[in-house]
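Visitor: Let me give you the structure first, and then I'll get to my questions.
The values are calculated or read from the model by the stated rules, or taken from the named source; none is laboratory data. What you see is a predicted model, and the numbers here were worked out from it, not measured in a lab. Here the Cβ is made from the backbone with ideal geometry for all residues, glycine too, and neighbour counts use every protein chain on show.
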Amino acid sequence: MKGSEGIPALHLETLNKLVQNFKKAPNLYFMNLFSEQPYDSDTIRWEIEYNSAGMTPFVAPGSVAPAIGTDGIGEGSAKAAFYKEKMYFDEEFLNNMRQPGTWATYQTAERKLARGALKLRHRMDRRREWMMSQMFINGSLKYEQKGGTKFTISYGVPDTHIVTLANDRKWGTGASRNPVEDIFDGKKVVADDSGAIIDQALCNSELLKILILDEKIQNLLSKSAFGNGDLFTNPKTVIGSLLGIGNLVLYDEFYEVPAWLTGAVIGGSTTDIPVDDASDAVVGGTLRFYNSIKWNTWEDCTITAVDIESSVITVGTAPVNSYRAGIDRVTTKKKFIDDDTFFMFSTSAEGQKVAEFMMAPYGIPRRHGIYTDKKDEWDPEGMWLRIQDKGLPVFYNPDTTYKLIVK
């Protein structure tokens with residue numbers, strides 16, 4: 001009996017039930033806020049609406065009803081993104097899965113399988129979360145298509161909905177800073193343009209700290225019902241209530257993606273870092289260098305530029321040590337929302353969700369959504385466990401968001 005043949009726990013039906021029954025990766029925000037829908041093609045199309053708060057006109061009795069389209073109609077169209085990865089289980093693992101009469105050993109092997117499958121599933125969830133967060137917070141999405149072509153989607157967020165504060169308005173440092181006024185201005189822009197009301201706001205702990213310590217916010221709270229110390233014990237609720245935001249979310253989740261060096265890095269001089277895939281690197285993020293011999297040591301550099309086409313990541317200061325092409329690696333580490341970003345949006349417009357995640361068909365037979373399969377190796381015996389997905393987030397009402405870059 002070779003490979004995984006005859007092992008009930010490794011039947012495809014069992015593996016897929018296992019992966020589907022896992023809870024989503026913890027603390028992911030957008031994944032839990034919007035639904036997923038199957039789509040009939042890998043070319044995803046969706047209608048875009050601006051200023052959807054229209055109203056039926058008066059007409060004379062007996063006259064023809066005027067025809068309308070969608071207010072501010074437009075159409076988005078893009079190929080779905082495909083993503084997958086796999087994990088190897090060796091001969092010892094397979095033997096433990098089939099060995100009779102050793103229940104404790106069998107349970108240990110099952111736990112190893114479950115932990116491996118859970119890790120693959122959570123990494124898949126983070127990829128979807130990354131796609132959704134890029135669409136919402138940045139208004140665009142970059143990914144790789146068939147043949148290695150790099151593709152960028154712009155979701156049509158109006159320029160007036162992405163605001164960088166002037167130096168004197170910067171939160172925490174600006175002489176004329178006024179976070180409360182900036183937030184209310186943003187709420188008004190969204191309401192005027194889309195007719196929707198802001199009900200969600202996101203920031204991370206670094207920015208929440210700035211808001212908590214802001215003098216104008218503290219002065220306002222000293223005159224309100226929250227002036228009894230609640231600001232420091234329950235800051236999200238207090239500041240969210242003060243600003244009239246339905247739900248202020250503290251979002252500190254981050255993602256980390258590895259890449260292999262494709263060129264030598266000379267310590268103290270190389271700032272343009274060639275890697276096999278730079279598509280997940282983002283300006284402002286951290287590039288961490290690892291030596292393959294000393295995995296417990298590393299050094300970090302700040303990313304200042306990214307060239308996805310050339311797969312080059314530029315760092316502000318060269319790493320101290322040297323690293324080898326094809327042997328050493330780097331990882332990009334980035335928060336889903338930056339330290340300098342306060343993001344607000346409405347989850348619905350005219351009673352409909354503003355976004356969805358469309359699941360495109362792939363594989364033979366035709367599948368939608370996350371799917372797990374396996375492949376045996378002959379010599380030495382082992383098994384690859386693979387997970388795949390294909391899809392794209394779509395944005396129906398891009399004028400319902402507002403991004404403030406505040407420092």
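Visitor: Considering only strands (runs of 3 or more DSSP E) fully contained in the stretch 37-154, which possess at least 2 residues that are more than 24 Å from Glu309 (Cβ to Cβ) and modelled with pLDDT of 75 or more?
Guide: The strands (runs of 3 or more DSSP E) meeting that bar are 43-48, 81-89.
Visitor: Between a residue in the stretch 280-308 that is on the phi > 0 side of the Ramachandran plot and any residue that is crowded, with 17+ Cβ neighbours inside 10 Å and assigned to a loop (DSSP other than H, G, I, E, B), which pairs come within a Cβ distance under 7 Å, given they are 6 or more apart or on different chains?
Guide: If the second residue must be crowded, with 17+ Cβ neighbours inside 10 Å and assigned to a loop (DSSP other than H, G, I, E, B), the pairs left are Gly284/Asp338.
Visitor: Just to check your reading of the model, which residue among Ser269, Ser292, Ser279, Ser322 is under 17 Å from Lys142 (Cβ atoms) and polar (S, T, N, Q)?
Guide: Ser279
Visitor: Continuing with the same structure: What are the residues in the stretch 161-175 that are assigned to a helix (DSSP H, G or I) and either exposed (fewer than 12 other Cβ atoms within 10 Å of the Cβ) or free of Cβ contacts under 8 Å to residues at least 12 places away in the same chain (or both), if any?
Guide: Asn167, Asp168
Visitor: Something else about it: For the stretch 296-366, give me every one of the strands (runs of 3 or more DSSP E) that falls completely inside it and has 1 or more residues that are modelled with pLDDT under 90.
Guide: The strands (runs of 3 or more DSSP E) meeting that bar are 329-335.
Visitor: Tally up the residues in the stretch 142-184 that are among the basic types (Lys, Arg) and assigned by TED's automatic domain parsing to the domain that holds Ile44, please.
Guide: 3
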